[in-house]
Amino acid sequence: MKKVITYGTFDLLHVGHINLLRRAKALGDYLVVVVSSDEFNALKNKTAYYPYEDRKKILEAIKYVDEVLPEYTWEQKIDDVKNNNIDIFVMGDDWTGKFDFLKDYCEVVYLGRTEGISTTKIKSDLQIK
Ligand code: C2G
C-alpha cells in the first residue's frame with residue numbers, strides 16, 4: 001500500500017484544497033492529512049476562521065482523505081514520515097524546495113496550486129478581518 005502525506009491549515013475549505021487532496025490521493029492508496037493546530041497556525045502568523053477540531057472534522061469527511069493528524073511544529077515531518085511509513089510527501093508548489101530534506105525518507109512532490117482562490121482571498125472578498 002502506497003501512503004501519501006500532506007500538510008496544511010485547510011481553513012474555509014475551497015476548491016484549491018480539494019484539487020490538492022484529489023491529486024495527492026491519486027499518487028497512492030492512502031492519504032494522511034496533517035492539519036495545523038491552532039497553536040501551530042499562530043507560529044505561521046495565521047488565524048484560522050474554523051478551530052482545529054472543525055477543520056479536522058471537515059477534512060475527515062472528504063472522500064480522498066483517509067486519516068487526519070495534528071501539526072504542532074515545523075520539525076515533526078521526518079518523524080511523521082517514519083512513524084506512518086509514508087512513501088510520498090506532497091505539497092502545493094508555493095512550497096517548492098522547502099521540504100527537499102524529506103527526500104532522504106520518501107518521495108517529495110510539489111503540485112501546481114489552483115489559481116485565483118485562497119483562504120486569504122475569501123476573507124478579503126468578504127471583508128472578514
Ligand atoms: N493550495 C493549493 N491551491 C490553492 C490554495 C492552497 O494547491 N489555491 C494548497 C497549498 O499549496 C497547500 C494546501 O493546499 O499544499 C493547504 O494550503 P494551506 O491550508 O494554505 O496550507 P499552508 O498554510 O500552506 O500550510 O507545514 C506546512 C504548512 O502546514 C502548510
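The values are calculated or read from the model by the stated rules, or taken from the named source; none is laboratory data. Quick caveat, the model's predicted, so the values are computed rather than measured. Here Cβ is always computed from backbone atoms with ideal geometry, including for glycine, and neighbour counts include all displayed protein chains. SASA here: full protein model, heavy atoms, side chains in, ligands and nucleic acids out. Shrake-Rupley method; radii C 1.70, N 1.55, O 1.52, S 1.80 Å.
Structural remarks
- When you filter the trypsin sites (Lys or Arg not before Pro) in the range 1-89 for DSSP loop state and at most 10 other Cβ atoms inside 10 Å of their Cβ, you are left with Lys63.
- Amide H to amide H distances under 5 Å link Glu71 with Val35, Ser36, Ser37, where only residues 5 or more positions off or on other chains count and H is placed in the peptide plane.
- For the chain, the pair-distance distribution built from all alpha carbon pairs, in bins 5 Å wide starting at 0, is 2, 11, 21, 24, 23, 13, 4, 2, 0 percent.
- In this Cβ point-charge picture (+1 for Lys and Arg, -1 for Asp and Glu), the chain has a dipole of about 360 debye about its Cα centre.
- Take every Cα pair under 8 Å whose residues are at least 6 apart in sequence, average their separation, divide by the length of the chain, and the relative contact order is 30 percent.
- The chain - percent of accessible surface contributed by carbon and sulfur, probe 1.4 Å: 52 percent
- The residues of the chain have, on average, 55 Å² of accessible surface per residue, using a 1.4 Å probe with all protein chains present.
- Area of Glu53 that stays accessible when all protein chains are in place (1.4 Å probe, Å², to 10): 100 Å²
- On Cα atoms only, tilt of 15-26 relative to the major axis of the chain in degrees: 10 degrees
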